[in-house]
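Here is the structure we will look at, set down as structure tokens.
The values are calculated or read from the model by the stated rules, or taken from the named source; none is laboratory data. Just so it is clear, the structure is predicted and the values come from calculations on it, not from any experiment. All Cβ positions, even for glycine, are placed from backbone atoms using ideal geometry, and neighbour counts span all protein chains on display. Heavy atoms of the whole protein, side chains included, go into the accessibility calculation; ligands, DNA and RNA do not. Shrake-Rupley method; radii C 1.70, N 1.55, O 1.52, S 1.80 Å.
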Amino acid sequence: MTSSSDRSPAVDVSSPKTYEVRTYGCQMNVHDSERLSGLLEEAGYVPAPEGSDGDADVVVFNTCAVRENADNRLYGNLGRLAPRKASRPGMQIAVGGCLAQKDRDTIVKKAPWVDVVFGTHNIGKLPVLLERARVQEEAQVEIAESLEAFPSTLPTRRESAYAAWVSISVGCNNTCTFCIVPALRGKEKDRRTGDILAEIEALVGEGVSEITLLGQNVNAYGSDIGDREAFSKLLRACGTIEGLERVRFTSPHPRDFTDDVIAAMAETPNVMPQLHMPLQSGSDTVLKAMRRSYRQDRYLGIIEKVRAAMPDAAISTDIIVGFPGETEEDFEQTMHVVRQARFTNAFTFQYSKRPGTPAATMDGQIPKEVVQSRYERLVALQEEISWDENKKQVGRTLELMVAEGEGRKDGATHRLSGRAPDNRLVHFTKPDQEVRPGDVVTVEITYAAPHHLLAEGAVLDVRRTRAGDAWEKRNAQEAAKPAGVMLGLPQIGVPVPLPVATGGCAAH
């Protein structure tokens, strides 16, 4: 039985309060923000106008702790909101996520104008904590040490009508020396397969046609029950869901990437030929120092098997440059793997200390100028490979799922944008007939750039879909709502399959 103190407080609907959610970090945080938005809307809040920049009744920061300057960024943003809060009676500020889990009482000491601090395990308490802070007129700090409820049981305000994240696990059992996530998100906890499939089926029933399975180490799914093939079985089960056109997942760990997963990807038609698998380093010495439980040969062996099973698969990765102790020879090993693997693209990062991680106090910290030089060499190599790999797409006929908001210049160029099955971004000529996000178009690729493709000729075919219908219906519903009730979408990101902030927790 739920006590009255745990129920979401109702907001006076005669004068709806607005909210804004600001999200930092990985895909898991993006998905958590969808839950936070859903909780606030269930409690009666409405989204603030797009671009309101803190001009809302409630501003929520969903934080990340994996970068060295994460706290400086948070306190800088909180400082900018302090005078606005002082001049706006009733305004509330909440801080959640990994940095909140880590810093706890420090946040209120440094920014006493913050009303609520909550952690990664109790996001469902946000509306209650806001109301408690309002009534008691003092900050509420509540950090749970273990997961109170799996996030997918909470209400959700999804950003996209046609594509959705679906969490299959939370937490991580790895001990990478550069990553603080296991200490903040806890040990891995898997959802029941039946619950995952039920959520996917419900989403498809609402018009969603693409889902991305999400976990900090997504292919370790099944470790709770000792079934090493649980993830491949889940992929195959997704293939039986009628109306589900595209299935992706992020991010796997090379240690747990087994042959049955490759077979499931290759043999399940709606599982897309795309893989994002973090490398981090190509040096066995550095991988050992990182506590990454694989070596160069193992990683390249996986790539070889994936390409044998799916020759057209697009493979991307994460790489950290300048890890403590990395020598020039170690760095050259990373360059060797990049040349061998021929990644479609790579998210490259200069190592920065994550407070609270073993790597932060390791000997052999690399001078900034050395890290910068190596980083530039790696980026130049990957740019060359990305362009070469994209050029191989010229002349191919591809089916694209039309995307929303992915082509920043679409308006000026009279183009639309979409994602190919392997997740490459394609800008295409706008056809005469109406095309909606979620619909599918067939185009011929005419030009390649390092990070996108162009289809400059006429669209060959347009297939209107249930996903497009869902997008159209949702937009019509929002446009029809009274002014002040639904003024815009919270800026929490569209669930594109490639990581939006790799190098964060979900990439490890």
So which GluC sites (Glu not before Pro) in segment 369-445 pass both tests, a DSSP loop state and at most 14 other Cβ atoms within 10 Å of the Cβ?
-> Glu434
State the antiparallel share, in %, of DSSP beta bridges confined to the chain, rounding to the nearest 5.
-> 30
Whole-Hz couplings from phi, Karplus 6.51/-1.76/1.60, listed for segment 126-143; x for Gly and Pro | 3, x, 5, 5, 4, 5, 5, 5, 5, 6, 8, 6, 8, 5, 10, 10, 9, 10
Test item: Cα-centred dipole of segment 31-90, Lys/Arg +1 and Asp/Glu -1 on Cβ, debye | 340
Quick one: give the max-minus-min coordinate of the C-alpha atoms of segment 88-127 along each principal axis, largest first, in Å.
-> 30, 23, 10
Unit charges on C-beta of K, R, D, E only; dipole of the chain, Debye | 640
Under the Karplus relation 6.51 cos²θ - 1.76 cosθ + 1.60, θ = phi - 60°, what is the ordered set of whole-Hz ³J(HN,Hα) values for segment 179-187, x standing for Gly and Pro?
-> 10, 9, 4, x, 6, 9, 9, x, 5
Mind checking the full-extension length gain between Asn173 and Glu444? Use 0.36 nm per residue of separation minus the Cα-Cα distance, one decimal, nm.
-> 93.2 nm
Counting only protein heavy atoms and using a 1.4 Å probe, what share of the accessible area of segment 67-114 belongs to carbon plus sulfur, as a whole percent?
-> 48
Met28 accessible area, assembled protein chains, probe 1.4 Å, Å² | 0
Per the helix-only model, the chain has a calculated mean residue ellipticity at 222 nm (DSSP H runs of ≥4, -39500 (n - 2.57) each, divided over all residues, rounded to the nearest 500) of -10000 deg cm²/dmol
Ile241-Ala380 FRET efficiency (beta carbon distance; Förster radius 30 Å; 0.05 resolution) = 0.10
Antiparallel bridges, percent of DSSP beta bridges restricted to segment 163-303 (to nearest 5) = 15
Sequence order, segment 102-107: Karplus ³J(HN,Hα) from phi using 6.51 cos²θ - 1.76 cosθ + 1.60, θ = phi - 60°, Hz rounded, Gly and Pro as x, gives 7, 8, 6, 5, 4, 4
Would you rank Thr177, Thr361 by solvent-accessible area, highest first, keeping every protein chain in place and using a 1.4 Å probe?
-> Thr361, Thr177
When N counts the residues of segment 230-369, how does its alpha-carbon radius of gyration compare numerically with 2.2 N^0.38 Å, as a ratio?
-> 1.17
Pull up all non-local amide H partners of Ala449: gap of 5 or more, or a different chain, and H-to-H distance under 5 Å with H placed in the peptide plane.
-> Leu454
